[in-house]
Amino acid sequence: MEHRGRIAVLMTPPVLWLVLLFLLPMAIMALFSFRAGTFGAERDIFTLEHYREFFQNAGFQRLLWQSAVTALLTSAFSILLAYPIAYFLAFRARSMQLTLLTILIVPAWTSYLLRILAWKLILGSNGLLNSFLLSAGLIEEAAPILLYSRAAVVVTLVYVWIPFVTLPIFSALQRIDRSLLEAAADLGCAPWEVFLRVTLPLSLPGVVAGFFFVFIPTLGEWVTPSFVGGVEGTMYGNLIQDQFVRALNWPLGSLMSLVMLILVIVQIFIFSRVVRLSDLAGV
């Protein structure tokens, strides 16, 4: 009983904080999605019109699908690039491990907007990419090759998220018992077999955690597409932002946010069937 009392005391503040800052706003947003309008008398009228508008508008659903694909591609590329970095830090860096980890994290100390603007300059007509292609003779005149496209959004987001994907994978690799790798080698496994049969399966919790770190915020991303995406790189988050800020249609914006939240919850449920969520915390 005393042990349960201590747990209750420790859990009460974060639970109240979660209810106040997450569950309550979600409930208000869900309630707002049924309102006829944002201001005035329409605010007190409840209707399903916004639900009909959303599900009858194929453009909304297509943009949501495109944003989900973009988030999936960003997550996949981030993991593919971050895994070798994490593997090197865990098994090869040795005395340089702390220094390399610091170098990896340092870019995250700078402004997020500055890093996006830096990529806008790199991909622009007079940026680093065009200067290199011009000097190599591969193009004859400067042009924004990748800028204002969905590819530019993916490239920029992958750069931003690589450190955040590397850390959970690195943590999972660090927890692997090195004697298991030695035992596999002693039993005749080649290095690539040791990786595929031992290292990779045991590091999957870190990979899944890294996937969620990227997929969830990227699905609702709107800042990066606004700067480097242009019309072709518009994402679902830009549509939600427009509903709240420009159209002042808060009920429809709330509904779109709820749809995105449900999509994320479905993704988490699917992955929880594959990997135990307790493994992500190393339990």
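Couple of notes before you dig in:
- Enumeration of residues in the stretch 228-248 that are outside any helix (DSSP H, G or I) and at negative phi: 231, 232, 233, 234, 235, 246, 247
- Flag if residue 209 is at pLDDT below 90 and surrounded by 19 or more Cβ atoms within 10 Å (Cβ to Cβ): yes
- Against the list (1) over 21 Å from residue 163 (Cβ atoms); (2) without any contact (Cβ under 8 Å) to a residue 12 or more places away in the chain; (3) of a type in the set (S, T, N, Q), the condition residue 110 fails is (1).
- Failed item, numbered, when residue 235 is tested on (1) over 20 Å from residue 31 (Cβ atoms); (2) touching a Ser or Thr at 6+ places or on another chain (Cβ under 8 Å); (3) of a type outside the set (Ser, Thr, Tyr); (4) at pLDDT below 90: (4)
- Set side by side, the residues 56, 61 differ, and just one is surrounded by 11 or more Cβ atoms within 10 Å (Cβ to Cβ) and either of a type in the set (S, T, N, Q) or in contact with a His (Cβ under 8 Å, 6 or more places away or on another chain) (or both), which is 61.
- Pairs, first more than 13 Å from residue 257 (Cα to Cα) in the stretch 47-61, second of a type outside the set (Asp, Glu) and part of a helix (DSSP H, G or I), C-beta under 7 Å, six or more apart: 53/252
- Residue that is in contact with a His (Cβ under 7 Å, 6 or more places away or on another chain), assigned to a helix (DSSP H, G or I), of a type outside the set (A, V, I, L, M) and in contact (Cβ under 8 Å) with a residue 24 or more places away in the chain, where the choices are 251, 225: 251
- Candidates 127, 137: the one that is of a type outside the set (Lys, Arg), closer than 27 Å to residue 225 by Cβ and free of Cβ contacts under 8 Å to residues at least 24 places away in the same chain is 127.
- Close pairs from the stretch 81-94: first more than 17 Å from residue 194 (Cβ to Cβ), partner surrounded by 15 or more Cβ atoms within 10 Å (Cβ to Cβ) and of a type in the set (Gly, Ala, Ser), Cβ under 9 Å, at least 6 apart: 82/210
- Within this structure, residue 74 fails the test of being part of a helix (DSSP H, G or I), exposed (fewer than 11 other Cβ atoms within 10 Å of the Cβ) and among the hydroxyl-bearing types (Ser, Thr, Tyr).
- Some residue of the stretch 18-36 being in contact (Cβ under 8 Å) with a residue 60 or more places away in the chain, closer than 23 Å to residue 224 by Cβ and under 22 Å from the mean Cα position of the chain (by Cα): no
- Conditions (1) closer than 30 Å to residue 39 by Cα; (2) of a type outside the set (Ser, Thr, Tyr); (3) at pLDDT below 90: number failed by residue 241: (3)
- Of residues in the stretch 177-203 being farther than 20 Å from residue 84 by Cα and of a type in the set (Gly, Ala, Ser), the one surrounded by the most Cβ atoms within 10 Å (Cβ to Cβ): 184
- When we screen 173, 204 for residues that are closer than 21 Å to residue 268 by Cα and either out of contact with any His (no Cβ under 7 Å at 6 or more places or on another chain) or assigned to a loop (DSSP other than H, G, I, E, B) (or both), the only hit is 204.
- Looking only at residues in the stretch 46-92 that are more than 23 Å from the chain's Cα centre (by Cα) and among the polar types (S, T, N, Q), the one that is nearest to residue 30 (Cα to Cα) is 47.
The values are calculated or read from the model by the stated rules, or taken from the named source; none is laboratory data. Bear in mind the structure is a predicted one, so any value in this text is a computation, not a measurement. Every residue, glycine as well, gets a Cβ built from its backbone with ideal geometry; the counts of neighbours run over all protein chains shown.
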